[in-house]
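Engineer: One structure, pasted below without further comment.
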Amino acid sequence: MKRLGIIGGTGFLEFEGLEVQARREEETRWGMPSGPVLEGVLEGTGVAFLHRHGTPSRIPPHRINYRANICALAAAGCDRIVAVAAVGGIRGDLVPGSLVIPDQIVDYTWGREHTFFEDDLDAPVHVDFTAPYDSALSSALQSSALTAGTAVTAGGTYACTQGPRLESAAEVDRLERDGCDIVGMTGMPEAVLAREAGIAYAHLAIVVNAAAGRAPGPIRVDAMAGVMATSTGKVRQIIRGVVASQP
Ligand code: HPA
C-alpha cells in the first residue's frame, strides 16, 4: 500500500490522533533510522510517522541518519513525505509563530551522508534538484491551510545550516544576501535523499524564533519550545487536511 509519510521535528514527537497499527524499527541498508516508523491510520488513510530526532528526542541535526530515515519510510510504502521542522525567521515578516512552505533550498551543511549514489555504480548518478520540493504536495499543504483558516507563507528559500549551534548575526546577514528567508538545520540532505529515492517531498516550517541578529539580544532557546507548542495544533490540522485530500 502506498502511503503518505510524515517526518516530525523538534517539539513534534508524535502525531496525536494517529491510530498506530504497527511500530517498525528495522535496520536498513544504511543503518538504523532515528526511531520506530509508526504505521497507522489518519483520516481513514494509511500514513507512516517518523520522528527525525528519535523518541525521546536525542539525535542532533548533524548526527541524524537521514539515509536510514528515508529508506525506512520508503520500506513502509511512502511515496510522499511531508516534513515538519522548526526554523528561524530571517525575513522580517516571518515572525515566531509563522508557518512557511518553502519552495527553494540553499544547503550550507557539510560532512553529512548526503546521497544514496556513491558505491557500486555503473555510472555517476545526478538527480535533478531544480525544484527541491514537490509542487503538488506543497500546494496540498497550502490548500489545507486555507481550508483550516491558518495563514501560511507559500514559497521562500530555506537555508540549511550545519548546527547544532545557532548562527552568528553575520552568518544570518550572509544567508539573507544569498536570498534565504528562513534557516533550519535538518532540511538537507533529507530533501535530496527523498528526491533520489523517487519520493515526493514537501516541507512545513514553523518559525520559532527570529534568526540571529534579527531581534535585539541573544536568541532565547527556552522560548522556542513555547512557540512550537502553540503551533503544533495548527500544523496537525493542516497535515490532516492533506491526508484527507489525497487520492
Ligand atoms: N537557526 C537554525 N536552525 C533553527 C533556528 C535558527 O535560528 N531556529 C530553529 N531552528
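The values are calculated or read from the model by the stated rules, or taken from the named source; none is laboratory data. Since the structure is predicted, the reported quantities are computational estimates derived from the model, not experimental observations. With ideal geometry, Cβ positions are generated from the backbone for all residues, glycine too; neighbour counts draw on all protein chains shown. These accessible areas exclude ligands, DNA and RNA; they are computed on the full protein's heavy atoms, side chains included. Shrake-Rupley method; radii C 1.70, N 1.55, O 1.52, S 1.80 Å.
Engineer: Between region 13-65 and region 84-106, how many Å separate their Cα centres?
Structural biologist: So the two Cα centres are separated by 24 Å.
Engineer: Out of Ala68, Ser139, Met32, whose Cα points farthest toward the positive end of the dipole of the chain (charges: +1 Lys, Arg; -1 Asp, Glu; placed on Cβ)?
Structural biologist: Highest projection toward the positive end goes to Ser139.
Engineer: Place +1 on the Cβ of every Lys and Arg and -1 on the Cβ of every Asp and Glu in the chain, take the dipole about the Cα centre, and give the residue among Val207, Ala191, Leu121 whose Cα lies farthest towards its positive end.
Structural biologist: Farthest towards the positive end: Val207.
Engineer: Right, something else. Just from its helices, what would the mean residue ellipticity at 222 nm be for the chain, if runs of 4 or more DSSP H residues each count -39500 (n - 2.57) and the sum is divided by every residue, rounded to the nearest 500 deg cm²/dmol?
Structural biologist: -8500 deg cm²/dmol
Engineer: Might you tell me the accessible area per residue for the chain, computed with a 1.4 Å probe and given in Å²? Mind showing how you got there, number by number?
Structural biologist: Values: 11160 Å² over 247 residues.
For the chain, the per-residue accessible area is 45 Å².
Engineer: May I ask what percent, to the nearest 5, of DSSP beta bridges between residues of the chain are antiparallel?
Structural biologist: Expressed as a percentage, antiparallel bridges in the chain total about 35.
Engineer: Let me ask something else about it. How about region 79-141: which chymotrypsin sites (Phe, Trp or Tyr not before Pro) there lie in a loop by DSSP and see at most 10 other Cβ atoms within 10 Å?
Structural biologist: Here the chymotrypsin sites (Phe, Trp or Tyr not before Pro) that fit, given the DSSP loop and packing criteria, are Trp110.
Engineer: Give me a comma-separated list of calculated 3J(HN,Hα) values for region 43-57, in order, Karplus coefficients 6.51, -1.76, 1.60 applied at θ = phi - 60°, integers in Hz, x for any Gly or Pro.
Structural biologist: The phi angles translate into 6, x, 10, x, 9, 9, 10, 9, 8, 6, 9, x, 10, x, 4 Hz.
Engineer: Quick one, could you list the DSSP H helices from the chain stretching 15 Å or more along their long axis (Cα atoms) with average Kyte-Doolittle hydropathy of 0.5 or above?
Structural biologist: TM-like helix candidates: 135-148, 221-245.
Engineer: Along each of its three principal axes, how wide is the spread of alpha-carbon positions in region 78-183, in whole angstrom units, largest first?
Structural biologist: Between the extreme Cα coordinates on each principal axis of region 78-183 lie 49, 37, 21 Å.
Engineer: If you don't mind, another one. Expressed as a whole percentage, what fraction of the accessible surface of region 32-170 belongs to carbon and sulfur atoms when a 1.4 Å probe is rolled over the protein heavy atoms?
Structural biologist: For region 32-170, the apolar C and S fraction of the accessible surface comes to 54 percent.
Engineer: Taking springs between alpha-carbon atoms closer than 10 angstrom, which of Ala154, Ala48, Ala210 fluctuates most in the Gaussian network model of the chain?
Structural biologist: Maximum among the listed residues: Ala154.
Engineer: Right, here's the next one. What number does region 104-247 give for Rg over Rh if you use C-alpha atoms and the Kirkwood radius? All intermediate terms of the calculation are to be shown ahead of the outcome.
Structural biologist: Values: Rg = 16.9 Å, Rh = 17.0 Å.
Looking at region 104-247, the ratio lands at 0.99.
Engineer: Mind listing which trypsin sites (Lys or Arg not before Pro) in region 29-59 are in a DSSP loop and have 12 or fewer other Cβ atoms within 10 Å?
Structural biologist: Passing sites in region 29-59 are Arg29, Arg58.
Engineer: Using amide H atoms built 1.01 Å from N in the peptide plane, name the residues 5+ places from Val106, or on other chains, whose amide H lies under 5 Å from its own.
Structural biologist: Tyr158, Ala159, Cys160
Engineer: Continuing with the same structure: Dipole of the chain, Cα-centred, from +1 at each Lys and Arg C-beta and -1 at each Asp and Glu C-beta, to the nearest 20 debye?
Structural biologist: So the dipole magnitude of the chain works out to roughly 640 debye.
Engineer: Ordering Arg177, Arg67 from largest to smallest accessible area (1.4 angstrom probe), what's the sequence?
Structural biologist: Ranking Arg177, Arg67 by accessible area, largest first, yields Arg177, Arg67.
Engineer: Ordered by residue, what ³J(HN,Hα) values in Hz, to whole numbers, does region 76-88 give under the Karplus form 6.51 cos²θ - 1.76 cosθ + 1.60, where θ = phi - 60° and Gly and Pro are x?
Structural biologist: 7, x, 6, 10, 9, 9, 9, 9, 10, 8, 7, 9, x
Engineer: Right, something else. Scan around Gly5 for amide H atoms under 5 Å from its own, H built in the peptide plane at 1.01 Å from N, and keep only partners 5 or more places away or cross-chain.
Structural biologist: Ala48, Asp79, Arg80, Ile81, Val82
Engineer: Let me ask something additional. Quick check: convex hull of the Cα atoms in region 1-122, volume per residue, rounded to a whole Å³?
Structural biologist: Considering the Cα atoms of region 1-122, their hull volume per residue is 148 Å³.
Engineer: Now a separate question. So if the hydrodynamic radius of the chain is defined as the Kirkwood radius over C-alpha pairs, what does Stokes-Einstein give as its diffusion coefficient at 10 °C and 1.306 mPa s, in µm² per second?
Structural biologist: It diffuses with D of about 88 µm²/s by this estimate.
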